[in-house]
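Working notes, structure below.
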């Protein structure tokens, strides 16, 4: 059985009693009784000044890319600060008169999530202002012993550090890695999980699942997302505005039947594609019927989401050519850390060659993270 810090409030009390703090969190940060982190902190004789909300806002109600406004929430009695403002950042003035910053966000275990950039900026600002950072650790929902993807050459809000797409760390371990590799003098405290093993999927932890972002409604979404998120950097819909975001990929003009046939002929492990039609109610192709592909994960332990998505993309490029990258190619490059993968695909480089080329850097990454791992 896995317990987070919120399920062991005596651990929190030792760190927070009598302190003035701010909390970086969302309403998905709950304990097993579905009590939220701000509620628990308030009971620990700590002076909670405000809550910092990341992308999507505290309630996860904001769409991707939508600015989050600062406000006082009358229902919760909370001052809500916005990390995802016009220029996403952690602000020095938030830490005036504050003894500690508490970070508690359940992320998806995928490099693209901007929650990692929120944590990194909190770490950098706490270092600068000499304020203690306390990370309440949470599981990596898609296992902490599986790695996949390239190491980015360029950092950005969706590539916060030199880690693979499926990076295999908890939030606390990620903070430890950045602190170590940037040689930061921050007073960092990670309150560890109890009972968590690296080979666990989230649904094996007995923790309640709460939607972690507007388009990450289920664990299945998390499992597929490391791969299909790359289609946001194309002319295709990723199923935003449907009940199956990131499981559906398509457009009104896609020759989806041919795509499905060619993709399934590859017989990739743990996955099969199905021809579908879907109607997004917002985002790309809003209210236009799309012909598309639904990916079905048949064996999550064998499924390799990024490898799968690259094969699917390569199949589409073979059928539709440059039309796939007529828009959003810059975002594709941002997600993958540079333009080399896109250019390789357009030049006809085999996907298996790309995947094999990541082996050395993944091996080096395994060595890099050994000193900061907190769990077996």
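For the stretch 177-203, the set of residues classified as within 17 Å of residue 375 (Cα to Cα) and in a strand (DSSP E or B) consists of 189, 190, 191, 194, 201, listed by residue number. One residue stands out among those in the stretch 70-94 that are in contact with a strand residue (DSSP E or B) (Cβ under 6 Å, 6 or more places away or on another chain) and part of a loop (DSSP other than H, G, I, E, B): the one that is surrounded by the fewest Cβ atoms within 10 Å (Cβ to Cβ), which is 70. Could you check, for the stretch 126-138, whether at least one of its residues is in contact with a strand residue (DSSP E or B) (Cβ under 9 Å, 6 or more places away or on another chain), closer than 30 Å to residue 302 by Cβ, surrounded by 20 or more Cβ atoms within 10 Å (Cβ to Cβ) and in the same structural domain as residue 62 (by TED's automatic domain parsing)? Scanning the stretch 126-138 turns up at least one residue that is in contact with a strand residue (DSSP E or B) (Cβ under 9 Å, 6 or more places away or on another chain), closer than 30 Å to residue 302 by Cβ, surrounded by 20 or more Cβ atoms within 10 Å (Cβ to Cβ) and in the same structural domain as residue 62 (by TED's automatic domain parsing).
Take residue 225 and tell me if it is at pLDDT 95 or above, under 19 Å from residue 310 (Cβ atoms), crowded, with 17+ Cβ neighbours inside 10 Å and in the same structural domain as residue 144 (by TED's automatic domain parsing).
Against the criterion (at pLDDT 95 or above, under 19 Å from residue 310 (Cβ atoms), crowded, with 17+ Cβ neighbours inside 10 Å and in the same structural domain as residue 144 (by TED's automatic domain parsing)), residue 225 does not qualify.
Among the residues of the stretch 28-67, the ones that are in contact with a strand residue (DSSP E or B) (Cβ under 8 Å, 6 or more places away or on another chain) and either outside any loop (DSSP other than H, G, I, E, B) or closer than 19 Å to residue 3 by Cβ (or both) come to 15 in all. The residue list 172, 149, 109, 168 contains one member that is over 22 Å from residue 25 (Cβ atoms), surrounded by 24 or more Cβ atoms within 10 Å (Cβ to Cβ) and under 16 Å from the mean Cα position of the chain (by Cα), which is 149. Residues of the stretch 245-278 that are outside any strand (DSSP E or B) and touching a strand residue (DSSP E or B) at 6+ places or on another chain (Cβ under 7 Å): 247, 252, 254, 256, 257, 259, 260, 263, 264, 270.
Among the residues in the stretch 313-333, are any at pLDDT 95 or above, assigned to a loop (DSSP other than H, G, I, E, B) and either more than 29 Å from residue 198 (Cα to Cα) or not assigned by TED's automatic domain parsing to the domain that holds residue 66 (or both)? No, the stretch 313-333 contains no residue that is at pLDDT 95 or above, assigned to a loop (DSSP other than H, G, I, E, B) and either more than 29 Å from residue 198 (Cα to Cα) or not assigned by TED's automatic domain parsing to the domain that holds residue 66 (or both).
The values are calculated or read from the model by the stated rules, or taken from the named source; none is laboratory data. Fair warning: this is a prediction, and the values are worked out from it, not measured in the lab. Heads up, the Cβs are rebuilt from the backbone with ideal geometry, glycines too, and the neighbour counts pull from every protein chain shown.
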